[in-house]
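*Asks:* Before anything else, here's the structure in question.
Here, each number is a calculation from the coordinates, and none is a lab measurement. Everything numeric here is computed off the predicted structure, so don't read it as measured data. In this analysis, Cβ positions are derived from the backbone assuming ideal geometry, glycine residues included, and neighbour counts consider all displayed protein chains.
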Amino acid sequence: MVEVDADSLEKMLAPARVGMNLEPIRLCAACYADSPCHKIEWQFKATKGCDRHKLHLLSECPNCGGRFKIPALWIDGHCQRCFMRFTEMVNYQKFVEV
């Protein structure tokens, strides 16, 4: 129906016994700058920050404080409220303490 094979579809889902946070929607602006899409692992309850960039995830726009909308609305890659680009938000992400 969606023309995605079962193995690929399974990789898109959360691993077994991994809890998900449906809200707030979270974002690593540095990852988004590299590849403009939402990553499901940002919503895992155990995820505190970005493993790749060692940055805390954002759950709201650092400019206006607006919560991020569902990723399907991220077509233009900016805050729906103040239009700050996601790629500009990297400067507001703090490093994750190891």
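*Asks:* Tell me which label goes with the value of Kirkwood radius over Cα pairs in Å computed from the coordinates here: (1) 15.3; (2) 14.3; (3) 14.0.
*Replies:* (2)
*Asks:* Right, here's the next one. Taking the number of other C-beta atoms within 10 Å as the exposure measure, put CYS28, CYS61 in order starting with the fewest.
*Replies:* Listing CYS28, CYS61 from fewest to most nearby Cβ atoms yields CYS61, CYS28.
*Asks:* Could you pull out every Cys in the chain that lacks a partner Cys with its beta carbon under 4.7 Å away?
*Replies:* Here CYS37 come out as lacking a disulfide-compatible partner, given the Cβ-Cβ threshold of under 4.7 Å.
*Asks:* Can you give the longest run of the chain that contains no trypsin sites (Lys or Arg not before Pro) sitting in a DSSP loop with at most 10 other Cβ atoms inside 10 Å?
*Replies:* In short, 46-93.
*Asks:* What's the magnitude of the charge dipole for the chain around its Cα centre, counting Lys and Arg as +1 and Asp and Glu as -1 at the beta-carbon? Answer in Debye, nearest 20.
*Replies:* Roughly 440 debye, rounded to the nearest 20.
*Asks:* Quick one: longest stretch of the chain between exposed loop GluC sites (Glu not before Pro), exposed meaning at most 15 other C-beta atoms within 10 Å and loop per DSSP?
*Replies:* 4-96
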